[in-house]
Amino acid sequence: MKIIMLGAPGAGKGTQADMICAKYNIPHISTGDIFRANIKNNTELGQKAKSYMDQGLLVPDELVVDLVVDRVKTDDCKNGYVLDGFPRTIPQAEALENALKASGENVDYAIDVEVPDENIIKRMSGRRACVTCGATYHVEFAPTKVEGVCDKCGAELIIRDDDKPETVKNRLAVYHEQTQPLIDFYADRNVLKEVDGTKKLEEVFDAIVAILGA
Ligand code: ADP
Ligand code: AMP
């Protein structure tokens, strides 16, 4: 099962991807998490990506495409995976499609989590993230048991630098311009599925399971 999560920043892609991966036992590949881990470890890739991320801009395609294409070829991806935050541009989607085609594969589902821009700022301002294990929480909608501490691994939670309201506005503009066209791209390939992301976490997940099958 090869799944792509589509939707605006803050729509709940990562949250749902985590739940899908736990249920179907497939890896969660988040390009945002990969970049944040590289920034934390001060790698060359992290240094290159950081300036774009801090401004709410996309990291250039050439820094992300090979990384994902190599990742989906690894052994743990043989039963499928969830891509979260990739592709984000038409050239990225084409590169993935061509890489999969070369081995006779294709994306099975592109799940668009729909949330209007008005709801996004509130989601982002309450988001808390664990840079150690990638888990995501919300102070109001998905709180941790102990404030500021990751339920899954016990590490300290951070407020992402790019979740400031000003940066979120840029990210939404970038989303509408560069990423939203992917909805038509995957609709043309008959794999697009849309879910209402304004509902509660569990209700959104139920809608996704209804699409993927129990
Ligand atoms: P994305 O991966 O699309 O950027 P996240 O999964 O990180 O989005 O979710 C953004 C924020 O909104 C997080 O703080 C998350 O806990 C919260 N969230 C996700 N889904 C919902 C939902 N259905 N209702 C309320 N809050 C949600
Ligand atoms: P995310 O965690 O998915 O919200 O991603 C955080 C930031 O990482 C984005 O705002 C981009 O700057 C960068 N990023 C993540 N994935 C991609 C991608 N596929 N293409 C370009 N930039 C990306």
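No lab work stands behind these numbers, since they all come straight from the coordinates. Keep in mind that this is a model prediction, so the values were computed, not measured. As a convention, Cβ positions derive from the backbone with ideal geometry for all residues, glycine included, and neighbour counts pool all protein chains shown.
Non-local amide H neighbours of Ala142 (under 5 Å, H modeled in plane, Pro and chain starts lacking H): which ones?
Correct list: empty.
Assuming 1.306 mPa s and 10 °C, estimate D for region 50-105 with Stokes-Einstein, Rh taken as the Kirkwood radius over Cα pairs, in µm²/s.
Details: Rh = 12.2 Å.
For the chosen part, D equals 130 µm²/s.
Would you mind calculating the relative contact order of the chain from Cα pairs under 8 angstrom and at least 6 residues apart, reporting the percent as a whole number? Could you put the intermediate results ahead of the total?
Numbers: 315 pairs, mean separation 65.1, N = 214.
Relative contact order comes out at 30 percent.
What value, in deg cm²/dmol to 500, does the helix sum -39500 (n - 2.57) over DSSP H runs of n ≥ 4 give at 222 nm once divided by the residues of the chain?
Working: 9 runs with 97 residues, N = 214.
Value at 222 nm, helices only: -13500 deg cm²/dmol.
Dividing the convex hull volume of the alpha carbon atoms of the chain by its residue count, what do you get in Å³ per residue?
Numbers: hull volume 25.4 nm³, N = 214.
Convex hull volume per residue, Cα atoms: 119 Å³.
Taking N as the number of residues in region 84-139, what is its Cα Rg relative to 2.2 N^0.38 Å? Present the calculation step by step, with values, prior to reporting the outcome.
Details: Rg = 15.8 Å, N = 56, 2.2 N^0.38 = 10.2 Å.
Rounded to two decimals, the normalised Rg is 1.55.
Using each residue's phi in region 4-10, evaluate 6.51 cos²θ - 1.76 cosθ + 1.60 at θ = phi - 60° and report the 3J(HN,Hα) Karplus result to the nearest Hz, with x for Gly and Pro.
With coefficients 6.51, -1.76 and 1.60, one gets 10, 9, 10, x, 5, x, x Hz.
Past the 22 angstrom mark, what percentage of all C-alpha to C-alpha distances in region 56-150 do you count? Don't jump to the answer; show the numbers that get you there.
Numbers: 2095 of 4465 pairs.
Beyond 22 Å sits 47 percent of the P(r) for region 56-150.
Using only C-alpha positions, report the orientation-averaged shadow area of the convex hull of region 119-214, nm², one decimal.
Hull-based average projected area comes out at 7.7 nm².
Compare the peptides 74-83, 121-130 by average per-residue count of other Cβ atoms within 10 angstrom and give them in order, highest first. Walk me through the intermediate numbers first.
Values: 74-83: 15.2, 121-130: 19.1.
Listed from highest to lowest mean packing, they are 121-130, 74-83.
Determine the percent antiparallel among the DSSP beta bridges restricted to region 23-158, to the nearest 5.
Working: 7 of 10 bridges.
In region 23-158, approximately 70 percent of DSSP beta bridges are antiparallel ones.
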